[in-house]
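Read the figures in this text as sums done on the coordinates, not as results from a lab. From a predicted model like this one, the values you see are computed outputs, not experimental measurements. Quick reminder, even Gly has a Cβ in these numbers, built from the backbone with ideal geometry, and neighbours come from all protein chains shown.
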Amino acid sequence: MRLSQVVRSGPNQYICEEDAAKYLEEKLADFKHPVVITGVKSYKAFQEFASVPETWPVLRYDHTASDKNMAELAEKAGDADVIVGIGGGKVLDTAKGTAELLDCEVVLVPTIAGTCAGYTPLSAVYDEFSQFSHVAYYKRSAYLTLIDLRILLHSPVEYLLGGIGDSLAKWYESEAITRNMPSLPVMVELGLNSAKTIREGILRDSEQAIKDQTAGKITDAFRNIVEIIIGAAGTVGGFAGEYGRMAGAHAIHNGLSFLPETHSILHGSKVAYGILVQLAATGDLDEVKKLLPLYQKLGFPYNLDTLHVTENHEAAIEKVAAYAAKPEESFVLLGDYSKEKIAEAMKTIEQLAMEKTIAG
């Protein structure tokens, strides 16, 4: 049985508090050779509120989250018995992949709330050119996920927005995967209930959470959205397995990674656009119309122009749709969707977005 089909309940330990980083050294007291993997900006953000012992080597990832960089870091980490990932999604995914190669534990310390990478036992792996390659599933879950709300409060607000988009997809993708199934195992239902709670929480708290982060205030709304993005979102696929992981929205994201114009747009924001395309493909246009006002209010991309693709729309649609329709991509989990059907869905979103913009 593949790891993607196995119920994974989450990290061994999970802490989310305003001053959580103070527990890091205490929680790793039993390890002899911790090694930190981080980035330049992410480590600087961490050091504004916390520190690690001088005896812990600090390695920098190369921004790719690639198999090549994971192998390089594993060689440098040597006899590490725990890898401590400090940073955003690509840093944490790199840390998990490096720990897998070393067959050691991994501790995850998010410095942004951009994805559920701080919770899940898998990585989105790219090549050296930032093009999506594959999803890697790991034998070990995190030994510890440590979320310090102070660090996340001072991160760029666009990362919180991206996390909201990535988490919103949990409901739309899992619901679409399972909607025609006559019955579901209890653990899958539990994952779907998590996804529903996530959607409700985002619709309730996302606007306020963004306002609170901008104002520099840790509030219930801010904490709720942080835990939705990192923790609750991770439980959807953890409990539901392949019924609660990536589907059409993420397939569109993966296709967009082949358009250089979109590389500056965060993962979750591209996934948010993918939700619209998936809904158009499955004929749920009323839901698209409900979401468009929220997208425009929050600043999510809702057409190709807002994805920075301002020229050659036809060619862009063809490239994204062709990739998303590949048999090894996750759009196939929704049924038989050819590149022509996906391209038509993208064109439908272009039309609906234009009508919505004209209507105000």
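Of note:
- Amide H to amide H, with H built 1.01 Å from N, residue 17 comes under 5 Å of 147, 149, counting only residues 5 or more places away or on other chains.
- Placing pseudo-labels 7 Å out from each Cα toward the beta carbon at residue 298 and residue 285 gives an inter-label distance of 2.4 nm.
- In terms of other Cβ atoms within 10 Å, 46, 31 run from fewest to most in the order 31, 46.
- With neighbours defined as other Cβ atoms within 10 Å of a residue's Cβ, the residues 112, 317 order from fewest to most as 317, 112.
- For the stretch 40-46, Karplus couplings with θ = phi - 60° (6.51, -1.76, 1.60), whole Hz, Gly/Pro x: 5, 5, 5, 5, 4, 5, 5
- Residue-by-residue Karplus 3J(HN,Hα) for the stretch 232-238, coefficients 6.51, -1.76, 1.60, Hz, glycine and proline x: 4, 4, x, 6, 4, x, x
- C-alpha long axis of helix 313-324 to longest principal axis of the chain, angle in °: 60 degrees
- Comparing 112, 59, 12 along the charge dipole axis of the stretch 3-153, the residue lying farthest to the positive side is 112, per the Cβ-charge model.
- Against the main long axis of the alpha-carbon atoms of the chain, helix 339-359 sits at an angle near 80°.
- Point-to-point label distance, residue 351-residue 40, nm (Cα→Cβ direction, 7 Å offset): 4.7 nm
- Highest mean packing comes first when the peptides 250-263, 4-17 are listed by Cβ atoms within 10 Å, giving 250-263, 4-17.
- Note: relative contact order over the stretch 237-326, using C-alpha pairs below 8 Å and six or more positions apart, is 36 percent.
- Put in order of Cβ neighbour count within 10 Å, fewest first, the listed residues 199, 179 become 179, 199.
- Virtual spin-label span in nm between residue 214 and residue 51, 7 Å along Cα→Cβ: 3.6 nm
- Based on C-alpha pairs under 8 angstrom that are at least 6 apart in sequence, the chain has a relative contact order of 16 percent.
- Per-pair calculated FRET efficiency, R0 = 22 Å: residue 58 and residue 29 via Cβ, rounded to 0.05: 0.70
- Taking the stretch 29-185 and dividing mean pair separation by its residue count, relative contact order in percent (alpha carbons under 8 Å, at least six apart): 21 percent
- Under the Karplus curve 6.51 cos²θ - 1.76 cosθ + 1.60, θ = phi - 60°, whole-Hz ³J(HN,Hα) for the stretch 54-64, x wherever Gly or Pro sits: 4, 7, 8, x, 10, 10, 9, 7, 9, 6, 9
- Of all DSSP bridge pairs formed entirely within the chain, close to 20 percent run antiparallel.
- Relative to the longest principal axis of the Cα atoms of the chain, helix 67-77 runs at roughly 10 degrees.
- Averaged over residues, the count of other Cβ atoms within 10 Å places the peptides 121-128, 240-247 in the sequence 240-247, 121-128, highest first.
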